[in-house]
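**Q** Sharing a structure with you now.
The values are calculated or read from the model by the stated rules, or taken from the named source; none is laboratory data. None of these values were measured; they are calculated from a predicted model. In this analysis, Cβ positions are derived from the backbone assuming ideal geometry, glycine residues included, and neighbour counts consider all displayed protein chains.
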Amino acid sequence: MDFKESPFMYGLAAFVIGFVVIESVFFIVKAWKRGRQLGLTKETLKNTVVSSAVFSVAPALSILTTVIVLASALGIVLPWIRLSVIGNLAYETVASESMLEVMGSSLSTPITEPKQFGAVAWVMTLGTTFALILVPIFCKGIHKKVGHVVSKNEKTSKMADVLSAAAFIGIIAAFIARAIYGKTPDGVGDAGFMSIATLVTAVVVSFLLELLCEKRDLKKLQPFAMPLAMFIAMGTAVVLNLVLPDKVTAFTWWNQM
Amino acid sequence: MAKQKEKMSPYYESVHRAGRVWTLGALGVLLSVPVAICLRFNAWPEMNDVFKALIKVLPIYWGTAVVEVLTYTPMLGAGGTYLAFVTGNITNLKMPCALNALENAKVRASSEEGEVVSTISIGVSAIVTTLIIAIGVLAFSPFLGKLTDPDSVFAPAFTYILPALFGALGAGYLKKHWRLAVFPVLVGVVVLFFSPTLAVGTLIFVTLVASIGGAFAMMKLKWI
């Protein structure tokens, strides 16, 4: 049996994943109780659960893809553990590739030496631990500062609202800008015709769904509008790739056909 | 001293207490994985090799960690922050998921209601993601490999998942606050024009500063 997919490794995965699920349940229950005390309706809280669950499906499939890509070299269990806790799509690939490079190997070759496997596990882990040290130290202080600023601004609540919206927009803007003119290190998903067409479809479908919800008073559709727009945009990317000539779909700012 | 303590509600105090315990617990669980692998297979790596690999990735990822903690903590709420940093995939999943939930519930992120909604959203997202990955790993891995293969018909759906996700999420904000949105997007594009492969963690910091700075300026000029 391949040591990378031994019962021991599956046991390790169960331990780590069990921890994450129990922590999530703990915070959900705590927040739910507080939400009810604050007067949030059961419907609002249920909608939050349903829309968040639906929203998570497509990105989770994308994360699963990374698990499967890494599985060819690392076995399926270690990437599974890493991407269930703290890990992210980009980091795990870069970290494991860097370690394997040092050892004269690469992600395209399956690891056969436990020593290489252990080394990759260390690099993947140590690279991501820093945030877990920073959060317990600084989280409370940052929230105190934010709370202080907001309470001061409640006299001029418009300012607080505008700045809060501006902060969200600042984050979203980075991804929109990348879809318009970004380049990825491996060249997959570079900005060009397909990224802009997907982005525009998502925006337009969102507008249309929101309009439909308003005009027809479809309150039950509202929580699904955003994930639905995302799925339709993803579907559009598939269809465009099928029906348009390669010359058009392969167009990027760095690969002008 | 007593006055300072009154500033934070007992709920927030208990969330921070629990969050610190869970996060330190997670740190222990996380570190136990390579330790257990090395003990079980008697395969301790050469520390020199590990160091050589770490030196390439640490400056980027530890730097990104500082920016992420400063950027996301005020937006995700206390419970949401502790959960999101343990469960990972913040930028591509937890943060947009929480933003969507706040928008749906029509609550402000900095309010206690926002704290509750954001925490539930991130918790549910973490459980759903864990379940999907577990089911996928155990049952569908051969099938999914074909689905996401670069030659698969469905590959473009996954390649362009981020424009789809942030386009759909950004639409609501674009509609309500289009004046605020134009400047940071423009700044992002200009920065990418000079440095197209700039890491998204750094780009977020730039567009965030541009967005908040732009909003201040527009308020001063009474454009909004």
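**Q** Sort out which residues of segment A:26-49 are aliphatic (A, V, I, L, M) and more than 7 Å from chain B (Cβ to nearest Cβ), and write them in order of number.
**A** Once the filter is applied, which keeps residues that are aliphatic (A, V, I, L, M) and more than 7 Å from chain B (Cβ to nearest Cβ), segment A:26-49 yields only A:VAL29.
**Q** Looking at (1) in contact (Cβ under 8 Å) with a residue 24 or more places away in the chain; (2) closer than 30 Å to B:GLY19 by Cβ; (3) surrounded by fewer than 23 Cβ atoms within 10 Å (Cβ to Cβ), can you tell me which one A:PHE130 breaks?
**A** It is condition (1) that A:PHE130 fails.
**Q** Quick check on my filter: what residues within segment A:112-127 are more than 7 Å from chain B (Cβ to nearest Cβ), over 19 Å from B:VAL29 (Cβ atoms) and buried (at least 17 other Cβ atoms within 10 Å of the Cβ)?
**A** Selection gives A:GLN116 alone.
**Q** Out of curiosity, is A:THR109 farther than 24 Å from B:VAL107 by Cβ and either within 9 Å of another protein chain (Cβ to nearest Cβ) or in a helix (DSSP H, G or I) (or both)?
**A** Numbers: farther than 24 Å from B:VAL107 by Cβ: yes; either within 9 Å of another protein chain (Cβ to nearest Cβ) or in a helix (DSSP H, G or I) (or both): no.
Spelling it out, it is not the case that A:THR109 is farther than 24 Å from B:VAL107 by Cβ and either within 9 Å of another protein chain (Cβ to nearest Cβ) or in a helix (DSSP H, G or I) (or both).
**Q** Can you spot a residue in segment A:30-52 that is in contact (Cβ under 8 Å) with a residue 40 or more places away in the chain, crowded, with 20+ Cβ neighbours inside 10 Å and under 16 Å from the mean Cα position of the chain (by Cα)?
**A** yes
**Q** Hey, any hits in segment B:99-116 for a residue that's on the phi > 0 side of the Ramachandran plot and over 12 Å from the mean Cα position of the chain (by Cα)?
**A** Of all residues in segment B:99-116, those on the phi > 0 side of the Ramachandran plot come to B:106.
After this cut, where a residue has to be over 12 Å from the mean Cα position of the chain (by Cα) as well, the list is B:106.
Yes, there is a match, as at least one residue in segment B:99-116 is on the phi > 0 side of the Ramachandran plot and over 12 Å from the mean Cα position of the chain (by Cα).
**Q** Looking at (1) facing chain A (nearest Cβ under 7 Å); (2) in contact with a Pro (Cβ under 9 Å, 6 or more places away or on another chain); (3) within 18 Å of A:ALA167 (Cβ to Cβ), which is the one condition that is false for B:HIS16?
**A** Status for B:HIS16: all satisfied but (3).
**Q** Checking B:VAL107 against (1) at pLDDT 85 or above; (2) facing another protein chain (nearest Cβ under 7 Å); (3) not in a helix (DSSP H, G or I): exactly one of these is not met. Which one?
**A** (2)
**Q** When the residues of segment A:212-234 are narrowed to those that are modelled with pLDDT of 90 or more and more than 7 Å from chain B (Cβ to nearest Cβ), which ends up farthest from the chain's Cα centre (by Cα)?
**A** Checked segment A:212-234; the qualifying residue farthest from the chain's Cα centre (by Cα) is A:LEU212.
**Q** When you check B:VAL50 against the structure, is it at the interface with chain A (Cβ under 7 Å from one of its Cβ atoms), part of a helix (DSSP H, G or I) and at pLDDT 85 or above, yes or no? Walk me through how you get there before you give the answer.
**A** On the way: at the interface with chain A (Cβ under 7 Å from one of its Cβ atoms): yes; part of a helix (DSSP H, G or I): yes; at pLDDT 85 or above: yes.
Here the answer is yes, as B:VAL50 does meet what is asked.
**Q** Would you confirm whether or not segment B:140-151 contains a residue that is touching a residue at least 12 places away in the same chain (Cβ under 8 Å), facing another protein chain (nearest Cβ under 7 Å) and on the phi < 0 side of the Ramachandran plot?
**A** Within segment B:140-151, not a single residue is touching a residue at least 12 places away in the same chain (Cβ under 8 Å), facing another protein chain (nearest Cβ under 7 Å) and on the phi < 0 side of the Ramachandran plot.
**Q** Please pick out the residue among B:ALA126, B:ALA215 that is facing chain A (nearest Cβ under 7 Å), of a type in the set (A, V, I, L, M, F, W, C) and within 27 Å of A:VAL54 (Cα to Cα).
**A** Selected residue: B:ALA126, the only one of B:ALA126, B:ALA215 that is facing chain A (nearest Cβ under 7 Å), of a type in the set (A, V, I, L, M, F, W, C) and within 27 Å of A:VAL54 (Cα to Cα).
**Q** Looking at segment A:28-102, what helices (runs of 4 or more DSSP H) fall wholly within it and have at least 1 residues that are at pLDDT below 80?
**A** So the answer is A:42-74, A:89-102.
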